[in-house]
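Participant: I have a structure I would like to understand better, so I am pasting it below and will then ask my questions one at a time.
The values are calculated or read from the model by the stated rules, or taken from the named source; none is laboratory data. Every value quoted in this text rests on a predicted model; they were computed, and no experiment measured them. Ideal geometry is used to build each Cβ from the backbone, glycine not excepted, and the neighbour counts take in all protein chains shown. In case anyone asks, the SASA skips ligands and DNA or RNA and just uses the protein heavy atoms, side chains included. Shrake-Rupley method; radii C 1.70, N 1.55, O 1.52, S 1.80 Å.
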Amino acid sequence: MAKNDTRRNALADAGITVLAREGSRGLTHRAIDQEAGVPTGTTTNYFRSREALLAGLFERIGTRLAPTPDDLAKRAEQPRGRALFADYMRDIVRRLTAEPDIARALFELRLDSARRPDLSAVLTPWLRTNFEADIAFNQSMGLPGGRREIALFHYAIDGLLFDLLTTPIAPDISSDDVIDDLVTGLLPDE
C-alpha cells in the first residue's frame, strides 16, 4: 500500500464526492482516479479492494466530521445540561450540512448496505463503534441522557439531515428550533 497520507486523503475525499454524486454503483477505483485527476490505477495503489476502499472512506468521513479541538474546548467550559447537549446537536447538524457530500455518501452507503451483505459487514461495525463512542462522550462530558436517548437522537438527526439535504417538507422551520424541541422532548428534566 502506498504511504502518502496527503494523497490517500485526497483520494478518499474524491471517493466521497463520487459516492455522493453517483451512488454506490458509481463508486469505482477508476471513477475516483478521474475525480481526483490522477493517473488510472492510483486509487488501486492506495485501496487494493473495494472493502479497503470503503474502510478508507469511513476513516476519512470520521476524520472530516470530528469536532475541532477548539470546538470541544469551548464547550467543555459550559455548564452541563440540556442547553449544552442541544449545542452539541446543533454543531453536528452544522458540520453535516456544511459537508453535504459526506452526509449523502453515508445515506447512500446505509441504503446500499441493506442490499449488500459485504458492505453491511464493513458499515455495521463502523456505525456501532461510533454510536458507542457517542455514548461514552456523552457520559464523559456529564451530559444528560443515556444509551436510549443517544439512539433516539441518532434517529432524529438522521431524519432531519435527510430532510435538509433532499427536499425539505417544511423549509420554514429552523433546524435549531427542531433540535431544541427534540432536546426538550427526549431528555429527562433537569
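Participant: Pop out the carbon and sulfur fraction of the accessible area of the chain as a percent, whole number, probe 1.4 Å.
Facilitator: Carbon with sulfur: 53 percent of the solvent-accessible area.
Participant: Using a 1.4 Å probe, what is the accessible area per residue for the stretch 123-180, in Å²?
Facilitator: Accessible area per residue, the stretch 123-180: 59 Å².
Participant: Using the Cα atoms of the stretch 77-190 to build a convex hull, what is its mean projected area in square nanometres?
Facilitator: With the hull built on Cα positions only, its mean projection is 7.8 nm².
Participant: Could you let me know the centre-to-centre spacing of the stretch 104-122 and the stretch 1-71, using Cα atoms, in angstrom?
Facilitator: If we compute the Cα centre of each part, the gap is 16 Å.
Participant: Simple spin-label model, 7 Å along Cα-to-Cβ: residue 55 to residue 130 in nm?
Facilitator: So the label points at residue 55 and residue 130 sit 1.8 nm apart.
Participant: As an exercise, use a Förster radius of 30 Å and the Cβ-Cβ distance of residue 5 and residue 148 to find the FRET efficiency, rounded to the nearest 0.05.
Facilitator: That pair, residue 5 with residue 148, gives E of 0.20.
Participant: Here's another thing I want to ask about it. Using only Cα atoms and rounding to the nearest 10 degrees, what angle (0 to 90) does helix 82-98 make with the longest principal axis of the chain?
Facilitator: Around 30 degrees separate the two axes.
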